[in-house]
Amino acid sequence: MNDDHPLSPTTAGHTGRAIYLDQETVAELLTGFDIKHAVDDDGDVLAYWDDVRVYFMFREEGEERVFSVRTFYDRRYEADDRRRLLSAVDDWNRRTLWPKVHTHTFEDGTLSCVGEIFLYAGFGVTRDHIEHSLKRWIGACLDVDEMLQEKLGPGTPGTC
């Protein structure tokens, strides 16, 4: 590929070196965003709002390393709402890049939603890139909660 090709690698706009993305960096960024957060028993960072918990996790297998942003929506919907919930989630997934949302059915038949975003982090990321991405991802995760309330109402508070 020659340098004039539109898919040629470029350093234009590159503002930093790649960093090793870890929980400490995620927590530092959340603090900078003024987002309340904690570390769970597994060592994963989580940010939380009234009905939304966002976990920031790393999974490694050999040299493969994936950063996962997983959102649990702590609203439960009745089994009778399944069709409307699936329709809302399907519409969201079709219209947006992330998070990709799926439903979870509890033993009592009630339903909730989980959103997921993944980033391959094996080669590192620039700080600017992860800062910008986290802001966008967190905003989108909260947008899902608003969408669910608009389309299905508040549901019943619960914990996933």
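Considering the stretch 131-154, and only residues there that are touching a helix residue (DSSP H, G or I) at 6+ places or on another chain (Cβ under 7 Å) and not basic (K, R), the residue that is surrounded by the fewest Cβ atoms within 10 Å (Cβ to Cβ) turns out to be E131.
Looking across R76, R53, R83, R95, one residue alone is basic (K, R) and in contact with a Phe, Trp or Tyr (Cβ under 6 Å, 6 or more places away or on another chain). It is R53. In summary, D34 fulfils each of the numbered conditions (1) at pLDDT 95 or above; (2) exposed (fewer than 10 other Cβ atoms within 10 Å of the Cβ); (3) more than 23 Å from E146 (Cβ to Cβ) with the single exception of condition (3). Only a single criterion out of (1) at pLDDT 95 or above; (2) charged (D, E, K, R); (3) more than 27 Å from G155 (Cα to Cα) is not satisfied by E60, namely (1).
Table: residues versus (1) touching a residue at least 24 places away in the same chain (Cβ under 8 Å); (2) more than 18 Å from the chain's Cα centre (by Cα).
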residue	(1), (2)
W98	yes, no
R127	yes, no
G139	no, no
E150	no, yes
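Rundown of residues vs (1) modelled with pLDDT under 95; (2) touching a Ser or Thr at 6+ places or on another chain (Cβ under 7 Å); (3) assigned to a helix (DSSP H, G or I), yes/no style:
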| residue | (1), (2), (3) |
| --- | --- |
| W92 | no, no, yes |
| E107 | no, no, no |
| C113 | no, yes, no |
| G122 | yes, no, no |
| S133 | no, no, yes |
| C141 | no, yes, yes |
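Scanning the stretch 56-71 for residues that are surrounded by fewer than 19 Cβ atoms within 10 Å (Cβ to Cβ), within 15 Å of the chain's Cα centre (by Cα) and not small (G, A, S) yields M57, F58, R59, V66, R70. Name the residue, out of V54, V89, V45, V69, that is in contact with a Cys (Cβ under 9 Å, 6 or more places away or on another chain) and without any contact (Cβ under 8 Å) to a residue 40 or more places away in the chain. Checking each option against the conditions leaves just V89.
The values are calculated or read from the model by the stated rules, or taken from the named source; none is laboratory data. Here the structure is a predicted model, which means the values were calculated and not measured. Quick reminder, even Gly has a Cβ in these numbers, built from the backbone with ideal geometry, and neighbours come from all protein chains shown.
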